[in-house]
1. In square nanometres and to one decimal, what's the mean projected area of the convex hull around the Cα atoms of the range 191-281?
2. Expressed as a fraction of 2.2 N^0.38 Å, the rule-of-thumb size for a compact globular protein of N residues, what is the C-alpha radius of gyration of the range 120-179?
3. How are the C-alpha pair distances of the range 220-266 spread across 10 Å bins, as whole percents from the shortest bin up?
4. At D261 and E155, where each label point lies 7 Å from the Cα along Cα→Cβ, what is the point-to-point distance in nanometres?
5. Normalised by the empirical 2.2 N^0.38 Å for globular proteins, what value does the Cα Rg of the range 137-264 take?
6. Read phi for every residue in the range 93-107 and hand back ³J(HN,Hα) as whole Hz from Karplus 6.51 cos²θ - 1.76 cosθ + 1.60, θ = phi - 60°, with x for Gly and Pro.
7. With the cut-off at 25 Å, report for the range 56-183 the share of all Cα pairs above it, as a whole percent.
8. Kindly report, to the nearest 10 Å², the accessible surface of D131 as traced by a 1.4 Å probe over protein heavy atoms only.
Amino acid sequence: MEQLINFIIRPSRAVYDPENDLLDQEFMLKGKWYKRKDLEVVNNQGYVLQCSHYMPMIWPEGIALPCVIYCHGNSGSRVDASEAAIILLPSNVTVFALDFSGSGLSGGEYVTLGWKEKDDLRAVIDFLRADENISSIGLWGRSMGAVSCLMYGAEDPSIAGMVLDSPFSNLVDLMMELVDSYKFRLLKLTVKLAIRYLRRAVLKKANFDIKNLNTIKIAKSCFVPVLIGHAVDDNFIQPHHSDRIFDAYMGEKNIIKFEGDHNSPRPQFYFDSISIFFNNILQTPADELTSTLFDLSPKYFGEDKLSTACDVEHTDDLLVLPAGTYLRYFWSVVLDRNEWCNRQDFSCLS
């Protein structure tokens, strides 16, 4: 039982060296120089959050740039935001990464799978909104980070848009599924009693009620434009969780399914879709847009990682994309793979 409790509120904590595991403090993408600015933000509990802000080395004079905040999973850290920075920076979108409280190098003992992490997000957003160089703000979260984004987005409709990768729909349902999937030593007849015990134990240790983490209820009151992504072979948070959130979501919404599991590298077309999504909702400078989509720098994405992403077979029946205000451009690009290859020499996609 203690194993399951720790699985929820004290998973393996990411250990890393900022000097070796984050993007360089100065680096080049698409012929332009960017920098990593490390900083600290204090949350409402007084914990110090370790953060990094990726931005142009020379800020465009008199121009405020949008920012996407990347939110990691329950065993992750700001290291996970590196691919987001590489994807979005060339489009004049800055990227902010943080270690949630209880994660990585930040203060705090426990994670809460989105419940208190949304307050960490609020502290970061307050910090960014005090910066006159930042315009609109988007959110990109994975697993726990996706739930954190959704919970915050329901409270702040001024968020421009969100990408939610592998969110869960209901924590209690997820826990019951995991009892079956991971063969915890609990008889099925005792599962509900075990959940009651877990609820009390988590409330005592981490001071949050697992029954409050119901993102279906939250989705019904959220109107921020959203792009949801989920791997079809995810056995940790099964795809039906995203389906349920999508069905309940009240705002403009899209969902993409792709091959892989919970922790597998995401395919190239998914990153391209995210680029298009953010470039539309954040209203990035038009002169930067056309030359920067669909390109992952080989300096930070090695040949093995890039080829893995490209080797994933794309099947149109895995895309479930209802019409929306920005989808005409989305469809014309995402579904025309031959045009991608002709323009960007993505031979691995042909």
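The values are calculated or read from the model by the stated rules, or taken from the named source; none is laboratory data. Note that this is a predicted model, so its numbers are computed, not measured. Virtual Cβ from ideal backbone geometry, glycine too; neighbours counted across all protein chains shown. Just the protein is used for accessible areas: all its heavy atoms, side chains included, with ligands, DNA and RNA removed. Shrake-Rupley method; radii C 1.70, N 1.55, O 1.52, S 1.80 Å.
1. 7.5 nm²
2. 1.32
3. 29, 48, 23, 0
4. Roughly 3.5 nm, to one decimal.
5. In units of the globular-protein estimate, the range 137-264 measures up at 1.09.
6. 10, 6, 10, 10, 10, 9, 8, 4, 4, x, 10, x, 9, 7, x
7. The share of Cα pairs beyond 25 Å in the range 56-183 comes to 26 percent.
8. 50 Å²
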